[in-house]
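FYI, it's all coordinate maths here, none of it is from the lab. None of the values given here were measured: they were computed from a predicted structure. Using ideal geometry, Cβ is built from the backbone for each residue, glycine included, and neighbour counts are taken over all protein chains shown.
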Amino acid sequence: MSVTFDSLFSDHVLASFDKQLRLADAHGDDDWGFDMTSGVITFNGSVDYQIQILGTEDHTAETWMWGWANHASGIPENLLVASNQLLAIGEEHGVDELTTSVLPMDDLEGHRVGLIASGIAGAEAYYRCPYEGGALFVLITDSSLELSVDDELVRATRVIPQGISTFEISDHRRAIAPYLTHLGFEIKDVGVNLEAQTEGRSVMTAKFDRMNRLTKLESAIGPR
């Protein structure tokens, strides 16, 4: 199966979106600060997390610039590991969005980058750091950021419909399967449908049409 920017987005969007919702619960209203020398983002002046720099949006030019291409800012190489990882994937698979230094935001914008990068790099979440005229996008890679939830099944029944309604996802089936795996469920193919299982017991069924669009989500706690 070919690798494209859209396929990468489908693979990671729901799990990464879930992380963003949990991050918002933890720090959504907090003030933030960023120190590029130490590679740390701070919330409310007291909680620090290690980060990776993905890139920046220029709201005047309406462009996205990758961190690996931003030589003028003097970004330390150790903060560009994730950005360079995405560049390498782009070079290997011919994904122009990952290998072009600067792109119009109509073609590539920071939130889509963050959702993909959060999944590929195994980050805890991404964060948008706005400044006058633009925004810096970073990955929070610090495992001390704990974004746990008690009931993964309840979480899935909420996040899947919300994610599909929030984002333009070309292949719902491709997006849902890795998300359920991320939550710890076993996945079973049942024709065009998917079953999420726990200890061999089906707890959720996602039903799709011939275009892999979600038509119904059924779970042990009721349909959605």
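Rounded to the nearest 500, the 222 nm mean residue ellipticity of the chain from helices alone is -11000 deg cm²/dmol, with -39,500 (n - 2.57) taken per DSSP H run of at least 4 residues. Taking other C-beta atoms within 10 angstrom as a stand-in for reagent exposure, Val159, Val192 fall in the order Val192, Val159, fewest first. Taking every alpha-carbon pair under 8 Å whose residues sit at least 6 apart, region 152-219 reaches a relative contact order of 26 percent.
How high is the relative contact order of the chain, in percent, with contacts defined as C-alpha pairs under 8 Å that are six or more residues apart? Don't skip to the answer; put the middle values down first.
Values: 380 pairs, mean separation 45.9, N = 224.
Once divided by the residue count of the chain, the mean separation gives 20 percent.
In this structure, the amide hydrogen of Gly55, modeled 1.01 Å from its nitrogen in the peptide plane, lies closer than 5 angstrom to those of Gly67, Phe137, counting only residues at least 5 positions away or on a different chain.
The average projected area of region 152-219, computed from the convex hull of its Cα atoms over all directions, is 4.1 nm². Its Cα centre serving as origin, the chain has a Cβ charge dipole (Lys and Arg +1, Asp and Glu -1) of approximately 960 debye. In terms of other Cβ atoms within 10 Å, Met105, Met204, Met211 run from fewest to most in the order Met211, Met105, Met204.
Please identify the helices of the chain, taking whole runs of DSSP H, that span at least 27 Å along their own axis as judged from the Cα atoms and have a mean Kyte-Doolittle score of 1.0 or higher.
For the chain, where a helix must reach 27 Å along its axis and average at least 1.0, there are no hits.
Looking only at Val102, Val13, Val138, which one moves most when the chain is put into a Gaussian network model with springs between Cα atoms under 10 Å? Sorting by GNM fluctuation, first place goes to Val102. Comparing mean-square fluctuations of Gly55, Gly134, Gly74 from a GNM of the chain with C-alpha springs under 10 Å, the top value falls on Gly74. Kirkwood radius for region 101-224, taken over all pairs of different Cα atoms as the inverse mean of 1/r, rounds to 16.4 Å. Relative to one another, the C-alpha centroids of region 168-205 and region 64-130 are positioned 28 Å apart. To the nearest µm²/s, what D does Stokes-Einstein give for the chain at 20 °C and 1.002 mPa s, using the Kirkwood radius over alpha carbon pairs as Rh? Roughly 116 µm²/s, to the nearest whole number.
Going by how many other beta carbons lie within 10 Å of each one, how would you line up Glu57, Glu91, fewest first? Could you put the intermediate results ahead of the total?
Numbers: Glu57 23, Glu91 11.
If I rank by nearby Cβ atoms, fewest first, I get Glu91, Glu57.
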